[in-house]
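Written out below as structure tokens is the structure these notes cover.
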Amino acid sequence: MKSKAPIRSMNRSSTRTNKARGAERRTGRLPEPSVCGRCGSIFAKRVWRQRRRVSAALLEKVHWTTCPACQQTRGSTGLARLLLRGSYVAAHEADIRRRIANVATRGVRTQPQHRVSSIDRDGGGLEVLTTSQKLGHRIARELAKAFGGRVTYDGSLFATWRH
């Protein structure tokens, strides 16, 4: 009995030949190395990173630009939206903001493009915009762990924390 594996391995329908990331497809590929003039992140090997060692030779051939996260935070736009609701939010706003800042700082160390765009008062609570869906979900989960309450997810980019 013959296996169908060779037949299936040759079928390449529904696959992309261009492995460019979303931002690359929209704006084109940046020259490497590129450095963000606002936050100092370095784009090399198709990834934005912070705290890379910079040599004099690298600085001579660097291309100065603005990273996608800085563009989103400057425009106060984001990919994920988190609503914080309940009487607990107004009573403990300083503690909640501190917890959000701690989670965001920890996330920026490994992935500098995951940031909090804005934190605004919205009626009886707070509205948090983040530059990535994962950071928004992580903040909601950490708030539930630290302060209790319940998190609901409406779609993949919208979350609500109630206490």
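Taken together, the values in this text are just the output of simple stated rules run on the coordinates, not laboratory data. Everything quoted here is computed from the prediction, not taken from an experiment. Virtual Cβ from ideal backbone geometry, glycine too; neighbours counted across all protein chains shown.
Going by alpha carbons, how many degrees (0 to 90, nearest 10) lie between the helix axis of 133-147 and the longest principal axis of the chain? Helix 133-147 sits roughly 30 degrees off the main axis of the chain. Taking every DSSP helix (H) stretch of at least 4 residues in the chain, weighting each as -39,500 (n - 2.57) and dividing the sum by the residue count yields a mean residue ellipticity at 222 nm of -10500 deg cm²/dmol. Panel order for 158, 147, by other beta carbons found within 10 Å of each beta carbon, from fewest to most: 158, 147.
Neighbour counts of C-beta atoms inside 10 Å place 34, 41, 118 in the sequence 118, 34, 41, starting with the fewest.
Based on the Cβ-Cβ distance from residue 121 to residue 61, what FRET efficiency comes out when R0 is 35 Å, to the nearest 0.05?
With a Förster radius of 35 Å, E is 0.15.
I need to check one value: relative contact order of the chain, counting alpha carbon pairs closer than 8 Å and at least 6 residues apart, in percent. Contact order relative to length: 20 percent.
Shape class for the chain, computed from the alpha carbon gyration tensor (a ≥ b ≥ c): oblate, with a/c not under 1.5 and a/b at or below b/c. Hey, could you grab the Kirkwood Rh for region 21-66? Inverse mean 1/r over distinct alpha carbon pairs, Å, one decimal. For region 21-66, the Kirkwood estimate is 10.9 Å. Rounded to the nearest 10 degrees, the angle from helix 93-110 to the longest Cα principal axis of the chain is 10 degrees.
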